[in-house]
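The values are calculated or read from the model by the stated rules, or taken from the named source; none is laboratory data. Nothing here was measured: the structure is a model prediction, and the numbers come from that model. Here the Cβ positions follow ideal geometry from the backbone for every residue, glycine too, while neighbour counts run over all protein chains shown. When the accessible area is computed, the model is the full protein with side chains, heavy atoms only, and any ligands, DNA or RNA have been set aside. Shrake-Rupley method; radii C 1.70, N 1.55, O 1.52, S 1.80 Å.
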Amino acid sequence: MKPLPPIEPPRRTLLKQTFAVSALAISGLAGLSVTSVSFAASLSKEQRDNMTPESVIEHFKQGNLRFLENRPVQHDYLAQKRSSLTGQYPMAVILSCIDSRAPAEIILDTGIGETFNTRIAGNISSRDVLASMEFACAVEGAKVVLVMGHTRCGAIRGAIENAELGNLTGLLEEIKPAIEKTQYSGERKGSNYDFVDAVAKTNVEQTIDNIHKNSPVLKELEDQQKIKIVGSLYHLDGGKVDFFAS
Ligand SMILES: [Zn+2]
């Protein structure tokens, strides 16, 4: 029997335990005590629908704090897999970079069935990315679009240095306007990671502008206050995710 993990936001703990116990009851194992289950369910429709965009962001902030303090939730991935088999009710769609050091689900401590994830070098909003995010919000009911850049981003550095390679050349072109928009008085070179990180922040803001401009579907959902489109920057050094004011 697995012990309950020691720390979890109280409301979520209760909800997950309640769900897990009722699932056990259905399967004829109701005799097991509450302490015999851990985080055994992904989000239910009711739990997700009861969340607001603000509470989703708060959930992410708490998850990142657990990651920072090395006390992640004890995810029972197989149970989460089973509970989400017949339906998924993720709370958000995350757009982040492909960088192997910036896995959104780990650094925000989320489980299976909790977030849609689109990953592309430089976290830009290409047409297919927009289509994926529109599906996540307009069809599946996600409450937040979280654009997450990160420090020491190779795509940003590549754009600054005018790197050219196959299809990557065109992708980097989409980042370049963010370089010009970045106000920075120091050395504006790719070898200066202070500048690279400043451009990464601008690039997140630029991506959000592009989402507003190129996705009337998401813009309308935000205008109706059904979703929030929020920017953030993950710091490889230290592990903190800074959420931009919106
Ligand atoms: Zn990157």
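State which residue is nearest to residue 139 (Cα to Cα) when the search covers only region 110-123 and only residues that are open to solvent by 10 Å² or more (accessible area, probe 1.4 Å) and part of a loop (DSSP other than H, G, I, E, B). I'd like the intermediate steps shown before the answer.
Narrowing region 110-123 to residues open to solvent by 10 Å² or more (accessible area, probe 1.4 Å): 112-113, 115-121.
Within this subset, residues satisfying the condition of being part of a loop (DSSP other than H, G, I, E, B) are 112-113, 120.
Values: 112: 19, 113: 15, 120: 22 Å.
Filtering region 110-123 for residues that are open to solvent by 10 Å² or more (accessible area, probe 1.4 Å) and part of a loop (DSSP other than H, G, I, E, B), the one nearest to residue 139 (Cα to Cα) comes out as 113.
If you check 141, 186, which single one turns out to be open to solvent by 20 Å² or more (accessible area, probe 1.4 Å), under 23 Å from residue 229 (Cα atoms) and more than 15 Å from the ligand (Cβ to nearest atom)? Working first, answer last.
Values: 186 fails: under 23 Å from residue 229 (Cα atoms).
Testing whether each residue is open to solvent by 20 Å² or more (accessible area, probe 1.4 Å), under 23 Å from residue 229 (Cα atoms) and more than 15 Å from the ligand (Cβ to nearest atom) leaves just 141.
Keeping to region 75-109, report how many residues are assigned to a loop (DSSP other than H, G, I, E, B) and surrounded by fewer than 16 Cβ atoms within 10 Å (Cβ to Cβ).
Restricting attention to region 75-109, the residues satisfying the condition of being assigned to a loop (DSSP other than H, G, I, E, B) are 76, 84-91, 97-103, 108-109.
Next, from what is left, pick out any that are surrounded by fewer than 16 Cβ atoms within 10 Å (Cβ to Cβ): 85-87, 98, 100-101, 103.
The total comes to 7.
Yes or no: residue 201 surrounded by fewer than 17 Cβ atoms within 10 Å (Cβ to Cβ), free of Cβ contacts under 8 Å to residues at least 60 places away in the same chain and within 16 Å of the ligand (Cβ to nearest atom)? Quick ask: steps written out before the conclusion?
Numbers: surrounded by fewer than 17 Cβ atoms within 10 Å (Cβ to Cβ): no; free of Cβ contacts under 8 Å to residues at least 60 places away in the same chain: yes; within 16 Å of the ligand (Cβ to nearest atom): yes.
No, not satisfied.
If we scan region 161-174, do we find a residue that is touching a Gly at 6+ places or on another chain (Cβ under 6 Å), of a type in the set (D, E, K, R) and modelled with pLDDT of 95 or more? Give the steps one after another, and end with the answer.
Narrowing region 161-174 to residues touching a Gly at 6+ places or on another chain (Cβ under 6 Å): 161, 172.
Okay, now just the ones that are also of a type in the set (D, E, K, R), so 161.
Retained after the next criterion (residues that are modelled with pLDDT of 95 or more): 161.
The answer is yes, given that some residue of region 161-174 is touching a Gly at 6+ places or on another chain (Cβ under 6 Å), of a type in the set (D, E, K, R) and modelled with pLDDT of 95 or more.
Here is a yes/no grid of residues against (1) open to solvent by 30 Å² or more (accessible area, probe 1.4 Å); (2) closer than 29 Å to residue 223 by Cα; (3) in a loop (DSSP other than H, G, I, E, B):
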{"residue": "130", "(1), (2), (3)": "no, yes, no"}
{"residue": "135", "(1), (2), (3)": "yes, yes, no"}
{"residue": "146", "(1), (2), (3)": "no, yes, no"}
{"residue": "155", "(1), (2), (3)": "no, no, no"}
{"residue": "166", "(1), (2), (3)": "yes, no, yes"}
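Restricting to region 61-88, name every residue that is among the hydrophobic types (A, V, I, L, M, F, W, C) and farther than 24 Å from residue 148 by Cβ.
Scanning region 61-88 gives 78, 79, 85.
Just checking, how many residues over region 108-150 are of a type in the set (S, T, N, Q), within 25 Å of residue 167 (Cβ to Cβ) and in contact with an Asp or Glu (Cβ under 9 Å, 6 or more places away or on another chain)? Even if it seems obvious, please write down each step before you answer.
First pass over region 108-150, keeping only residues of a type in the set (S, T, N, Q): 110, 115, 117-118, 123, 125-126, 132.
Subset that is within 25 Å of residue 167 (Cβ to Cβ): 117-118, 123, 125-126, 132.
Imposing the further condition that a residue be in contact with an Asp or Glu (Cβ under 9 Å, 6 or more places away or on another chain) reduces the set to 117-118, 125-126.
Count: 4.
Please pick out the residue among 181, 176 that is open to solvent by less than 90 Å² (accessible area, probe 1.4 Å) and either farther than 25 Å from residue 50 by Cβ or within 17 Å of the chain's Cα centre (by Cα) (or both). Before the answer, list the steps.
Numbers: 181 fails: open to solvent by less than 90 Å² (accessible area, probe 1.4 Å).
Result: 176 is the single residue among 181, 176 that is open to solvent by less than 90 Å² (accessible area, probe 1.4 Å) and either farther than 25 Å from residue 50 by Cβ or within 17 Å of the chain's Cα centre (by Cα) (or both).
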